[in-house]
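Read the structure below first, then the notes.
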Amino acid sequence: MQLSRRRIRSRRVASLASVAVLTLAVSTSAGTGHLVTGSTTPGPIAPGRDSALRACMIHGHSGVQMPEGIPTPAGYVRSTGTVHALNLMIDFSDAPGQGSASARFAEFFPQTQKWFMTSSYGRLDYRPETPIDHWLRMPKPFAAYGIERGAPFDPGYRRLVQDIVAAADPQVDFRRYDLLNVLVTPNAGPSALDTVLSVTFAGNTDAPVADGVPLSNASFIYSRQDDGSGSYARTGYRVLPHENSHTFGLPDLYTQDGGGAVGHWDIMSEDWGADNDLLAWHKWKLGWLDDSQVRCVSTRGTAVYPLTPLGRRGGRKLVFIPISSRAGYALELRTRAGNDAAVCRPGILVYRVDADVDTGNGPITVYDAERDSGGCTRSPNVHAELSDATFLPGQTFADPKAEIVVTVVGTDGSGDFRVRVTRR
Ligand SMILES: [Zn+2]
């Protein structure tokens, strides 16, 4: 299965105008085949889990490219334990390396490694490696590869990957690595302020082979996501954890309307601006939460559940209420902790996960406790309206059709929250 992931910017009208073309390109590339025919890499979470949680392991229909369901299909990179990331810095005759290759690498590391360590509570030991410390010059000019936003793998990316393999192979044993990061010199292609080219091809078993292994999971990083606020050195790396999370099987949560579905509550929704974490659903999907940290509310009745802050290690992190075998509601406690730097209203986040909705089409929707409030953040590149989406003690979320009522009943001295869930 060939999957191409890319960001869609909503800030600029020009970006929005190209979204329809982009969506078409994705559908077209999916339709041309490259199906996963088996994999040597197990999915992040094996089936056969705690039976109390089975009703919450929702799954979509088979046509979904990159589903939210659990378990994640095979073909992606393992998301726990030690993962070896090969980093190659490339340049072109029409875009010669700007600064040193090792300085380009340093734009993303060690921050990306640290981000994964924090978000996974130490379960993902991400090892970035750079066996070649200089720019690898590609044999053709950048323009010759035909790389633009929405470009499918064939023919341009296939040619580029073949040329990267040919240039690096004398010094690199590709069998040693789980994923590939291609860090392109930032002067190749348009500024990320205008067009975001960064893309990941994940689970692509039809990719070119090097040292006997297909380069099925590769992220390509272009330009610089510099929001102009002076925070680039602190936050500009965040495109890489976003792109690499695709190699672990996570879909894009932004839609044609930008970050309006999930806001800044997940790096798969917004990877510009202040640091943010992943939703608890994603952490469970990636194997970063134990089953004991998840409660599945699949039977009728009323009960109260404690939740501990997502940014803090240990404790109950996720309450999930399935409404079908394909969808359900998730509850989690978000505070300013861990990777969450911009939370301005600590509280219970309520969202719907739909495993039948594909990447980029809004598989997750956050419910806003304070609709049309304008939000509480002043942080640049943080979706403002949803920044105060969290539910506070006394507030209630209800789905009358599914006969589900969630009320935040209080907090305790340690910062934990309690939620009461009724399902009839
Ligand atoms: Zn993406």
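No value in this document is a laboratory result; all are computed from the given coordinates. Keep in mind that this is a model prediction, so the values were computed, not measured. Please note: Cβ atoms are built from the backbone with ideal geometry, for glycine as well, and neighbour counts cover all protein chains shown.
What to note about this one:
- Rg of the Cα atoms in the stretch 164-306, relative to 2.2 N^0.38 Å, amounts to 1.28.
- The protection proxy used here, the mean number of other Cβ atoms lying within 10 Å of each residue, ranks peptides 255-264, 306-315 as follows, highest first: 255-264, 306-315.
- When both bridge partners sit in the chain, DSSP labels roughly 65% of those beta bridges antiparallel.
- Normalised contact order of the stretch 231-361, rounded percent, pairs of Cα under 8 Å and 6 or more residues apart: 21 percent
- Cα-based reach from Lys285 at 22 Å (exclusive), listing lysines while leaving out same-chain residues under 8 positions away: Lys114, Lys317
- Across all C-alpha atoms in the stretch 150-207, the radius of gyration and Dmax reach 12.9, 37 Å.
- Across Gly347, Gly360, Gly410, mean-square fluctuation computed from a Gaussian network of the chain (C-alpha pairs under 10 Å connected) peaks at Gly410.
- Radius of gyration (Cα atoms) of the chain, expressed as a multiple of 2.2 N^0.38 Å: 0.96.
- P(r) tail fraction, the stretch 298-385 - alpha-carbon pairs more than 20 Å apart, %: 47 percent
- Residues of the stretch 311-341 falling in the label zone of Asp416, defined by backbone nitrogen less than 12 Å from a point 7 Å along Cα to beta-carbon, are 314-317.
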